[in-house]
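Written below as structure tokens is the structure these notes are about.
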Amino acid sequence: IRDLVHELGTHQIELEMQNEELRMAQEELEASRSRYADLYDSAPVGYLTFDTRGLIREVNLTGANLLGVPRNHLINVFFTPFLAEAGDLKTFRAFCRKLFTTGARQSCELSLKKRDNTAFQAQLQGLATENIDDKAGLIRVALIDITERKLAEEERDRINREHLGDLSKIKTLAGLLPICMHCKKIRDDDGYWNQLEAYVSAHSEAEFSHGICPECAKELYPDYFKNKNGA
């Protein structure tokens, strides 16, 4: 009986040690899960998970904020009502189809609207995965607000168009211009004769400052140069 009691005591100690190891492992697992959840929710981009029907199965806080809807109101809700324009539905369906057929990472750009109908430009980067629970396909998507980038691109295009217009004006000036051999006026496309300064100013951004060349000065003011040379 004493040996049995000793053996049971030893076994109890072993069980307590194993229980302590399991408890520590559980605490580490919970801490790791908390860090993952914090990283998932506080990420600078939105993360969403869709099923094959386009239902939102998971979403982080950033994604919910981008859509302007509390996270618990987005679960098992279709994503398509957040598409702002009619053409975006076709783009989104093609995006999902490519993900499932190719198995490769895909991306697309859409116009989305929040619950208050505020629109913004978004980029979706996704990858198709397999759902272990029901063997159905899932799409994991990163949702990025690119409104500022699109505005910057539009501003860049506007500046480029203005520069192209300036270049076309320069090319116009670089061609053959009908100019009067006597008064040096230039004939425009409508047949009117304009002063050289007026024509160049109208077709470019050049500005004029007036002076007089030495030859014209001698011709117009001969007495001044004569007295100057004599002195």
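The values are calculated or read from the model by the stated rules, or taken from the named source; none is laboratory data. Given the structure is predicted, the values throughout are model-derived calculations rather than measurements. Here the Cβ positions follow ideal geometry from the backbone for every residue, glycine too, while neighbour counts run over all protein chains shown. In case anyone asks, the SASA skips ligands and DNA or RNA and just uses the protein heavy atoms, side chains included. Shrake-Rupley method; radii C 1.70, N 1.55, O 1.52, S 1.80 Å.
For the range 146-161, putting each phi into the Karplus relation 6.51 cos²θ - 1.76 cosθ + 1.60 with θ = phi - 60° gives couplings of 10, 4, 5, 5, 5, 5, 5, 5, 5, 5, 5, 5, 5, 5, 5, 5 Hz, in residue order, rounded to whole numbers and with x for Gly and Pro.
Here's how it looks for ARG57: its modeled amide H is under 5 Å from those of THR49, PHE50, ASP51, ASN76, which are all 5 or more places away or on a different chain. Take the Cβ atoms of LEU164 and ALA104, set R0 to 35 Å, and the FRET efficiency comes out at 0.40.
Per residue, how much accessible surface does the range 1-120 expose to a 1.4 Å probe? Answer in Å², no decimals. Don't skip to the answer; put the middle values down first.
Working: 8420 Å² over 120 residues.
Accessible surface, normalised per residue, equals 70 Å².
Computing FRET efficiency as 1/(1 + (r/R0)^6) for THR129 and ALA86, where r is the C-beta to C-beta distance and R0 is 35 Å, gives about 0.75. Counted residue by residue at 0.36 nm each, then reduced by the alpha carbon distance between them, the extension gain from ARG57 to ILE1 reaches 14.2 nm.
Split the accessible area of the range 31-120 by element, probe 1.4 Å, and carbon with sulfur accounts for 52%. Name the aspartates and glutamates eligible as straight-distance cross-link partners of LYS185: C-alpha to C-alpha under 14 Å, and not fewer than 8 places from it in the same chain. Partners within reach: GLU197. Residues SER111, SER209, sorted by accessible area with the largest first, give SER209, SER111 [1.4 Å probe; ligands and nucleic acids excluded]. In sequence order, the range 4-16 has phi-based couplings of 5, 5, 5, 5, 5, x, 5, 5, 5, 4, 4, 5, 5 Hz under the Karplus curve 6.51 cos²θ - 1.76 cosθ + 1.60, θ = phi - 60°, and Gly or Pro positions carry x. Here the Karplus relation 6.51 cos²θ - 1.76 cosθ + 1.60, evaluated at θ = phi - 60°, turns the backbone of the range 211-222 into coupling constants of x, 9, 7, x, 5, 5, 4, 5, 6, 7, 10, x Hz, with x for every Gly and Pro. Taking amide H as placed 1.01 Å from N in the peptide plane, the amide H of ILE146 sits under 5 Å from that of GLN121, ALA122, GLN123, each at least 5 places away or on another chain. Derived from the Cα gyration tensor, the three semi-axes of the equivalent ellipsoid of the range 87-152 are 25, 13, 11 Å, largest first.
Would you work out the relative contact order for the range 9-113, in percent, from Cα pairs under 8 angstrom that are 6 or more residues apart? Walk me through the intermediate numbers first.
Details: 92 pairs, mean separation 17.1, N = 105.
Once divided by the residue count of the range 9-113, the mean separation gives 16 percent.
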